[in-house]
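What follows is a single structure, written as structure tokens, with notes after it.
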Amino acid sequence: MANYPQLDDIQGVWKMKDISDARKSGLWRYIGQRAVFAGGNEGDVGGSNVMDYVTIATAGNASDFGNLQGAYEAAGGFGSHTRAFFASSASPSRVIDFVQIDTTGNSADFGDMATGAFFRGGAASSTRGLFSGGDGSPDINNIEYITMATLGDGTDFGDLTVARRNHGNHSSSPTRACFTGGQVPASQNVIDYVEIATTGNALDFGDLTAATGSVSSCGSSTRGITGAGYVSAAVSTAQFITIASQGNANNFGDLTARYGAAAGSNSVRALWGGGNTVPAYSNVVESMEIATGGAAPDFGNLTEARGNVGCGTNGHGGLNNGI
Amino acid sequence: MANKIIKYNLTAEGTIPTYIDDGGYYPKANSNASPQDWDLIGATVDGSSEEGLGVFANAAAIKTYLDTYTSSWTTEELDSDGTRVAFNQTTAANAIWTKKTS
């Protein structure tokens with residue numbers, strides 16, 4: 001029998017409660033497989049309240065998940081092992097929605113952000129979620145955090161080095177979040193980072209290969225992948241960073257050219273869903289293997305074509321130490 | 001005690017200078033090496049004597065400065081068909097100037 005409980009060796013006899021506790025605290029070496037895509041812009045008919053989900057390990061079309069509290073452009077978002085969160089973007093809103101990832105129900109109110117803005121970014125560890133920047137007229141530099149296991153309002157964490165919006169999802173390890181690209185409204189190449197467990201201002205990490213806005217990132221605990229976005233038009237470029245070491249991004253492969261897609265991962269496979277392919281909004285989900293990169297094969301379709309989508313997963317790099 | 005609206009760079013270590021209370025606005029590329037390759041606009045902490053790369057006297061001065069490098073900037077409208085509209089330098093300058101608290 002394994003030395004009980006031994007978290008670096010999950011074989012052996014375990015109590016169900018200990019497994020549950022270990023998963024919720026991010027210590028269980030478990031890779032969640034669900035990505036929830038939420039809200040977005042359907043075009044000039046306004047925002048969407050649609051949520052849909054895919055199983056990241058298995059290519060296929062998305063299934064309906066339930067509805068957001070309102071019709072939002074919910075750019076940003078992140079997930080814990082059990083919940084996904086979206087800072088809704090309704091002219092500019094302070095609402096934080098959350099869902100239980102393992103269910104397919106409607107979202108519920110978690111609390112409010114301290115600062116109203118839309119087009120925020122999001123990143124998380126297993127316990128703490130961060131919302132970054134956004135358009136608060138002017139663009140804001142605020143990073144706020146929530147403790148995902150509770151309900152409550154956002155709390156000031158510190159400032160980005162560059163106030164910006166439209167940087168969707170971000171890559172993270174269990175300890176570090178990297179905020180990548182965005183718009184001021186001109187597209188930016190900046191990457192800055194924070195240590196999630198502490199509070200404080202962001203520090204410069206390096207630069208993207210090109211200034212890119214309306215961009216979204218995800219990854220494993222070691223590698224962050226930033227894909228597609230807006231330079232002076234929609235671009236297809238994917239690029240990667242090594243989260244533990246500061247430095248510039250390098251080319252990683254290509255997606256379909258689009259901006260305002262949402263990104264999420266199971267720490268092995270990265271997905272980008274939706275976005276604006278000009279002149280049409282996209283329902284396409286594409287995947288990329290985080291270890292290898294290259295061309296992104298088609299994964300399936302969202303239930304509705306939309307851009308500026310939010311995404312939260314229960315398997316991203318911030319949840320899986322060493323995966 | 002008073003604060004100022006100034007231009008500044010990040011420190012050589014890539015951190016936000018300690019004399020900046022609220023900054024990172026409207027970066028303008030310069031010829032410095034990273035991470036000091038952007039001139040940023042921000043409000044200093046109350047009582048700081050730091051002037052960074054220069055102090056703005058008023059909102060009109062910020063607008064004049066923004067006009068020198070933001071003429072091609074566009075921004076995406078919410079709930080639109082992807083339409084982008086021109087960046088409004090006057091609105092941006094006034095918003096930054098409101099960060100001067102005293």
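All of the numbers you see were taken from the coordinates with simple rules; none came from a lab. Not measured: the values here are computed from a predicted model. Backbone-built Cβ (ideal geometry, glycine too); neighbour counts: all protein chains shown.
Mind checking which of A:S88, A:S245, A:S172 has the largest fluctuation in a GNM of chain A, springs on alpha carbons under 10 Å?
In the Gaussian network model the winner is A:S245.
What percent does the relative contact order of chain A come to when contacts are Cα pairs within less than 8 Å and at least six residues apart? The partial results should precede the final answer.
Working: 1153 pairs, mean separation 58.5, N = 323.
Over chain A, the number comes to 18 percent.
For the range A:186-323, what relative contact order do you get, as a whole percent, if you take Cα pairs closer than 8 Å and at least 6 residues apart? Intermediate values should be presented prior to the final figure.
Numbers: 390 pairs, mean separation 29.2, N = 138.
Answer for the range A:186-323 is 21 percent.
Let me test this: with uniform point scatterers at the alpha carbons of the range A:202-284, what is the Debye-based log₁₀ I(q)/I(0) at q = 0.16, 0.22, 0.23 1/Å?
-0.56, -1.00, -1.08
Mind putting a number on the dipole of chain A about its Cα centre? Charges go on the C-beta only, +1 for Lys and Arg and -1 for Asp and Glu, and I need it in Debye to the nearest 20.
Values: 17 positive and 28 negative charges, 108 e Å.
Approximately 520 debye in magnitude.
If r is the Cβ-Cβ distance from A:S236 to A:D102 and R0 is 41 Å, what FRET efficiency results, to the nearest 0.05?
Numbers: r = 33 Å, r/R0 = 0.82.
Efficiency at R0 = 41 Å is approximately 0.75.
With all pairs of different alpha carbon atoms counted, what Kirkwood hydrodynamic radius in Å does the range A:107-190 show?
Working: mean 1/r = 0.0781 Å⁻¹.
About 12.8 Å, per the Kirkwood formula over Cα pairs.
How high is the relative contact order of the range B:29-102? Use alpha-carbon pairs under 8 Å, at least six apart in sequence, and give a whole percent. Present the calculation step by step, with values, prior to reporting the outcome.
Values: 51 pairs, mean separation 19.3, N = 74.
Relative contact order for the range B:29-102 comes out at 26 percent.
If neighbour count is taken as other Cβ atoms inside 10 Å, put A:H170, A:H81, A:H316 in order from fewest to most. Numbers along the way, then the final one.
Values: A:H170 31, A:H81 23, A:H316 35.
Lowest count first: A:H81, A:H170, A:H316.
Gain in length, A:T55 to A:T303, computed as 0.36 nm per residue apart minus the alpha-carbon separation, to one decimal in nm? Don't jump to the answer; show the numbers that get you there.
Details: separation 248, 0.36 × 248 = 89.28 nm, distance 1.39 nm.
Computed gain between A:T55 and A:T303 is 87.9 nm.
At 7 Å along Cα-to-Cβ for each site, give me the label-to-label distance between B:V55 and A:A295 in nm.
6.0 nm
How do A:F252, A:F86 line up, fewest other C-beta atoms within 10 Å first?
Working: A:F252 24, A:F86 34.
Listed from fewest to most nearby Cβ atoms, that is A:F252, A:F86.
With a cap of 15 neighbouring Cβ atoms within 10 Å, and only residues DSSP puts in a loop, list the GluC sites (Glu not before Pro) found in the range B:12-102. Walk me through the intermediate numbers first.
Details: sites: B:E13, B:E50, B:E51, B:E76, B:E77; in loops: B:E13, B:E50, B:E51, B:E77.
Passing both the DSSP loop test and the Cβ count: B:E13, B:E50, B:E51, B:E77.
What longest region of chain A stays clear of trypsin sites (Lys or Arg not before Pro) that DSSP places outside H, G, I, E and B and that have at most 16 other Cβ atoms within 10 Å? Show your work: numbers first, answer last.
On the way: sites that count: A:K15, A:R29.
So the longest stretch without any such site is A:30-323.
Report, in debye and to the nearest 20, how large the dipole of the range B:5-97 comes out about its Cα centre when Lys and Arg carry +1 and Asp and Glu carry -1 on their Cβ.
On the way: 4 positive and 13 negative charges, 62 e Å.
Dipole of the range B:5-97, to the nearest 20 debye: 300 debye.
Please report, in whole Å³, the volume per residue of the convex hull around the C-alpha atoms of the range B:1-72.
Details: hull volume 6.1 nm³, N = 72.
Per-residue hull volume (Cα only) is 84 Å³.
Under a GNM of chain A (C-alpha, springs under 10 Å), which listed residue has the highest mean-square fluctuation: A:G79, A:G158, A:G168?
Between A:G79, A:G158, A:G168, it is A:G158 that shows the largest mean-square fluctuation.
Run the Debye formula on the Cα coordinates of the protein assembly as shown, all scatterers equal and no solvent, and tell me log10 I(q)/I(0) at q = 0.11, 0.14 1/Å.
Log-scaled intensity ratios, in q order: -0.73, -1.17.
What is the distance, in nm, between label points placed 7 Å from the Cα along the Cα-to-Cβ direction at A:T199 and at B:T18?
Taking the simple label geometry, A:T199 and B:T18 are separated by 2.0 nm.
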